[in-house]
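J.: Below are the structure tokens for one structure; questions will follow.
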Amino acid sequence: MEIRINSLDTIREAAREFINHIGEARVFAFYGKMGAGKTTFVKAICEELGSEDVITSPTFSIVNEYGISNHKKSSLNREDFGGPIYHFDFYRIKKLEEVYDMGYEEYFYSGALCLIEWPELIEDILPDDAVCVTIEEQADGSRLVSW
Ligand SMILES: Nc1ncnc2c1ncn2[C@@H]1O[C@H](COP(=O)(O)OP(=O)(O)O)[C@@H](O)[C@H]1O
Ligand SMILES: [Mg+2]
């Protein structure tokens with residue numbers, strides 16, 4: 001799959017398209033350089049899913065938890081989807097032990113949507129069915145999201 005985000009003006013549309021393709025998957029690993037647009041796209045996905053929380057990259061912790069409004073849960077295909085959304089940023093991880101200590105399994109295998117930045121650093125413990133998504137900035141400044 002490929003989604004092109006031409007500019008920030010159309011990112012919500014792109015997020016909606018992404019959500020339409022989530023299907024049964026729950027864990028998404030977002031690969032891409034610093035500045036590629038991972039946090040911005042995660043934020044757009046969460047907002048499209050109806051989260052009214054402030055969405056920023058987890059700065060002081062590894063994971064942020066966002067609420068999701070009831071009426072938007074239906075846009076995900078499974079009836080038992082019950083929010084919240086977990087947003088991870090593993091950029092500052094130095095040892096995998098830190099990830100074990102924060103209890104990653106309870107998030108990854110919870111059935112909640114998990115959106116992960118810097119999965120490179122925790123690849124050994126990504127669930128087998130995690131979806132690997134790449135975001136790349138193109139020469140014209142647009143972003144290509146592919147998986
Ligand atoms: N689709 C996009 N179109 C244009 N600018 C974008 C897009 N996505 C992100 N940006 C800009 O790029 C910069 C870095 O985005 P960010 O989401 O923080 O990247 P990352 O999390 O991958 O490091 C921000 O200034 C943001 O506004
Ligand atoms: Mg980021």
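The values are calculated or read from the model by the stated rules, or taken from the named source; none is laboratory data. Everything numeric here is computed off the predicted structure, so don't read it as measured data. As a convention, Cβ positions derive from the backbone with ideal geometry for all residues, glycine included, and neighbour counts pool all protein chains shown. Surface accessibility is based on the protein's heavy atoms, side chains included, excluding ligands, DNA and RNA. Shrake-Rupley method; radii C 1.70, N 1.55, O 1.52, S 1.80 Å.
J.: Please go through the range 18-61 and give me each residue that is farther than 16 Å from residue 84 by Cα and among the β-branched types (Val, Ile, Thr), ordered by number.
T.: 39, 40, 59, listed by residue number.
J.: Within the range 1-24, does at least one residue satisfy the condition of being on the phi < 0 side of the Ramachandran plot, touching a Cys at 6+ places or on another chain (Cβ under 7 Å) and either near ligand 1 (Cβ under 9 Å from one of its atoms) or not polar (S, T, N, Q) (or both)?
T.: No, the range 1-24 has no match at all.
J.: To continue, here is another question. Can you tell which of 60, 81 is modelled with pLDDT under 95 and either open to solvent by 30 Å² or more (accessible area, probe 1.4 Å) or more than 26 Å from residue 21 (Cβ to Cβ) (or both)?
T.: Numbers: 81 fails: either open to solvent by 30 Å² or more (accessible area, probe 1.4 Å) or more than 26 Å from residue 21 (Cβ to Cβ) (or both).
Result of the check over 60, 81: 60.
J.: I've got another one for you. Among the residues of the range 99-133 satisfying the criterion of being within 14 Å of ligand 2 (Cβ to nearest atom) and β-branched (Val, Ile, Thr), which is surrounded by the most Cβ atoms within 10 Å (Cβ to Cβ)?
T.: At the first step, the residues of the range 99-133 found to be within 14 Å of ligand 2 (Cβ to nearest atom) are 115-121, 133.
The next check asks that each one be β-branched (Val, Ile, Thr); those that pass are 116, 133.
Details: 116: 28, 133: 21.
My answer is 116.
J.: What residue, among those in the range 33-52 that are open to solvent by 70 Å² or more (accessible area, probe 1.4 Å) and of a type outside the set (A, V, I, L, M, F, W, C), is nearest to residue 143 (Cα to Cα)?
T.: Taking the range 33-52 and keeping what is open to solvent by 70 Å² or more (accessible area, probe 1.4 Å), we get 33-34, 43, 52.
Still in the list and also of a type outside the set (A, V, I, L, M, F, W, C): 33, 43, 52.
Working: 33: 12, 43: 15, 52: 25 Å.
So the residue we want is 33.
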